[in-house]
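Report on the structure given below.
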Amino acid sequence: MGAPTERKASTSTQLSESSRTSKLWANGYVLLLTLGAGIGGLLFGYDTGVISGALLYIRDDFREVNESTFLQETIVSMAIAGAIIGAAVGGWVNDRHGRKIATLAADCVFAMGAVLMAAAPNPYVLILGRLFVGFGVGIASLSAPLYIAEASPAEIRGALVSTNVLFITAGQFLSFLINLGFTEVSGTWRWMLGVAGIPAVVQFIVMLYLPESPRWLFQKEKYEEAVAILEKIYPEDQVSYEVQKLTNSVDKELLSDASIGGIRYLDLMKSKEIRLALWAGVGLQSTDQPLTLGRHARLFFSLWRYSNKLLVLIL
């Protein structure tokens, strides 16, 4: 009698969990939070993909760019330099001002960069625009997955956070389509780079109506706001449990910070678990690069002064 009863209870539990997960996926509010923040990934992907096609036409408009591989390489790489800076300060912005404000700031900087690039009268303004866009991408690359992770239910958190990566690849594919679409339009490369500002404006508007991360609100002792958001994310019978769990987590974090007087990077590297996680993350990023050879091939051909621009874009 014991075994069948246990199997029946196990089956009942699995059905209950499956039902709860289905309800979470059906929560339009959670999906809106994810899609709104995920646009940051779209910006990331579009910016990294569009320049390889735009550079073909930038050389035609600016003689100094056509004659200098250094300027061409600077135009391409300046966005990466901006992203490094943006990622470096993004953590502080997110901790100090919140995930929502960080995302809004990233959108503003990105949109400014897109306008500068589209209206650039010379390659140096274009380079400045690329720097701005990269800075916005750097902040967004940190803010988007962090916001999604903290505003999504634990049962489907992994799937929702992965949508940020999906948006990145979608942005790269979109850049390919945009490059092809504007090949015969006057001001070709200006349209290619300027269009990047549209998703940033869309995300800015959407984020104005979305809440702050409930975890960050708890950290800032804004409990009523945080609970109100959790009530929209979780089923009614689960809210009190999630509030208690979040409270314990934040209290433990604050207690840990107070006991050691702050955390230094050197202290983190002393932990074997953190070192392994770091190596795993860096390793995945490194091995992922061969998967983007298609975009790199286009960039190679654009720098190589290949005459057939349309063929290069298709490559």
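The values are calculated or read from the model by the stated rules, or taken from the named source; none is laboratory data. Given the structure is predicted, the values throughout are model-derived calculations rather than measurements. As a convention, Cβ positions derive from the backbone with ideal geometry for all residues, glycine included, and neighbour counts pool all protein chains shown. Remember, those area values only see protein heavy atoms, side chains included, never the ligands or the DNA or RNA. Shrake-Rupley method; radii C 1.70, N 1.55, O 1.52, S 1.80 Å.
Test of understanding: among 180, 160, 146, 166, which residue is aliphatic (A, V, I, L, M), over 30 Å from residue 30 (Cα atoms) and out of contact with any Cys (no Cβ under 8 Å at 6 or more places or on another chain)?
On the way: 160 fails: over 30 Å from residue 30 (Cα atoms); 146 fails: over 30 Å from residue 30 (Cα atoms); 166 fails: over 30 Å from residue 30 (Cα atoms).
Answer to the check: 180.
Failed condition for residue 65, given (1) touching a residue at least 40 places away in the same chain (Cβ under 8 Å); (2) out of contact with any Pro (no Cβ under 7 Å at 6 or more places or on another chain); (3) open to solvent by less than 40 Å² (accessible area, probe 1.4 Å); (4) not acidic (Asp, Glu), with all others met?
That leaves (2) as the condition not met.
When you scan region 42-56, how many residues do you find that are of a type outside the set (Gly, Ala, Ser) and closer than 21 Å to residue 103 by Cα? Write out each step before concluding.
Pass one, region 42-56, residues of a type outside the set (Gly, Ala, Ser): 42-44, 46-48, 50-51, 55-56.
Going one step further and asking which of them are closer than 21 Å to residue 103 by Cα, we end up with 42-44, 46-48.
Result for region 42-56: 6.
Could you list all residues from region 193-241 that are among the aliphatic types (A, V, I, L, M), open to solvent by less than 40 Å² (accessible area, probe 1.4 Å) and within 18 Å of residue 109 (Cα to Cα)?
Correct list: 193, 195, 196, 200, 207.
Is it true that some residue in region 98-106 is of a type outside the set (Ser, Thr, Tyr) and more than 14 Å from the chain's Cα centre (by Cα)? Walk me through it before giving the result.
Step one: list which residues in region 98-106 are of a type outside the set (Ser, Thr, Tyr), which gives 98-102, 104-106.
Narrowing further to those that are more than 14 Å from the chain's Cα centre (by Cα): 98, 101.
Checking region 98-106: at least one residue is of a type outside the set (Ser, Thr, Tyr) and more than 14 Å from the chain's Cα centre (by Cα).
Quick one: in region 232-281, which of the residues that are modelled with pLDDT of 80 or more and part of a loop (DSSP other than H, G, I, E, B) is nearest to residue 210 (Cα to Cα)?
Selected residue: 234.
Of the residues that sit in region 84-97 and are closer than 19 Å to residue 131 by Cα and open to solvent by less than 20 Å² (accessible area, probe 1.4 Å), which one is modelled with the highest pLDDT?
86
Identify, please: which residue in region 182-192 is under 20 Å from residue 110 (Cβ atoms) and touching a residue at least 40 places away in the same chain (Cβ under 8 Å) and is, among those, most open to solvent (accessible area, probe 1.4 Å)?
Just the residues of region 182-192 that are under 20 Å from residue 110 (Cβ atoms), to begin with: 182, 189-192.
If we keep only those that are touching a residue at least 40 places away in the same chain (Cβ under 8 Å) as well, we get 189-192.
Details: 189: 2, 190: 69, 191: 130, 192: 0 Å².
So, considering only residues that are under 20 Å from residue 110 (Cβ atoms) and touching a residue at least 40 places away in the same chain (Cβ under 8 Å), the one most open to solvent (accessible area, probe 1.4 Å) is 191.
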